[in-house]
Amino acid sequence: MIEPGGGYPVARRNDGLAIASLATGIASLVCCGLVTGVPAIIMGLVSRSRIARTPEILTGAGMAIAGVILGIAGSLIWTAVVIVGGIVVYNVNAGHTATASSIPCDQLEHTLYHYHVGLQIIDTGNPVAIPTDIGRPGFCFYWIHMHADSPGVIHIESPQLRTFTVGDFFDVWAKTSNQPVRLDSSHVGTISLSSGQTVVAFVDGQRYEGDPRSIALVSHGVIQLEITPPTIDPPPVYTFPPGF
């Protein structure tokens, strides 16, 4: 039927559906990608073409409606994926970003108090490689951490003046490790001592008789933890990398 003002009402209605298909397709393409956006746009274009050719016939509506549904569905699915993915990432990150020894994990490295400490672990006479991603879970930085370009160097980058200790470092290590990490009379990092072994600590080449966890981290100090026997006294000479 032609309306008094001319034109076909069904065609106009179907053309509106086709335009809606185009719009949802474009929106889906922008926010969600090619999988749903492109088909919805194609359906809208084909529908409009059919309606323009034969406006007096009920044509194009089905494809236009399908395009609208596809565009909306695609947007909803991708929105759900983003939300669920965000929740998963947040939960995973939350486990790492919890404070360690009241030391937070911040988005940026601080520079107000910035200095370096050498750390060496020696297991029965053999140096142990210390992970260089300690304190850097990938999305934040603990105030105490390490970097790959300076293995064995503890970086203290803090926004406030505070005396940090070896115990603080091992607590941060434990927070950012997939393995149990401890420092006590029977553990050094991820190493468990055997019967008859002990931990001997040195600070700047001098034997330290107290609890190794209480050793203060001071600028350019050198801390060496030996799992003995044998005790290497004096310990090996530690040299900071160039630039430190």
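Laid out as a table, the results:
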{"quantity": "Test: residue in segment 217-236 that is free of Cβ contacts under 8 Å to residues at least 24 places away in the same chain and in a loop (DSSP other than H, G, I, E, B)", "calculated": "no"}
{"quantity": "Single condition CYS140 does not satisfy, out of (1) surrounded by 21 or more Cβ atoms within 10 Å (Cβ to Cβ); (2) closer than 15 Å to TRP173 by Cα", "calculated": "(1)"}
{"quantity": "Residue in segment 165-176 that is surrounded by the most Cβ atoms within 10 Å (Cβ to Cβ), counting only those that are closer than 11 Å to TRP143 by Cα and in contact (Cβ under 8 Å) with a residue 60 or more places away in the chain", "calculated": "VAL172"}
{"quantity": "ILE156 being of a type in the set (Val, Ile, Thr) and within 24 Å of the chain's Cα centre (by Cα)", "calculated": "yes"}
{"quantity": "Residue in segment 166-186 that is hydroxyl-bearing (Ser, Thr, Tyr) and within 30 Å of the chain's Cα centre (by Cα) present", "calculated": "yes"}
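Results for (1) assigned by TED's automatic domain parsing to the domain that holds HIS116; (2) modelled with pLDDT of 95 or more; (3) basic (Lys, Arg); (4) buried (at least 18 other Cβ atoms within 10 Å of the Cβ), shown as yes or no for each residue.
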position: MET146; (1), (2), (3), (4): yes, yes, no, yes
position: HIS155; (1), (2), (3), (4): yes, yes, no, yes
position: SER158; (1), (2), (3), (4): yes, yes, no, yes
position: ARG182; (1), (2), (3), (4): yes, yes, yes, no
position: HIS187; (1), (2), (3), (4): yes, yes, no, no
position: TYR208; (1), (2), (3), (4): yes, yes, no, no
position: SER214; (1), (2), (3), (4): yes, yes, no, no
position: PRO236; (1), (2), (3), (4): no, no, no, no
position: PRO241; (1), (2), (3), (4): no, no, no, no
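Per-residue answers, yes or no, for (1) under 21 Å from TYR238 (Cα atoms); (2) free of Cβ contacts under 8 Å to residues at least 60 places away in the same chain; (3) among the aliphatic types (A, V, I, L, M):
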{"residue": "PRO131", "(1), (2), (3)": "yes, yes, no"}
{"residue": "PHE141", "(1), (2), (3)": "no, yes, no"}
{"residue": "ASN178", "(1), (2), (3)": "no, yes, no"}
{"residue": "SER185", "(1), (2), (3)": "no, yes, no"}
{"residue": "GLY189", "(1), (2), (3)": "yes, no, no"}
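The values are calculated or read from the model by the stated rules, or taken from the named source; none is laboratory data. Note that the structure is a prediction, hence the values are computed from the model and not measured. With ideal geometry, Cβ positions are generated from the backbone for all residues, glycine too; neighbour counts draw on all protein chains shown.
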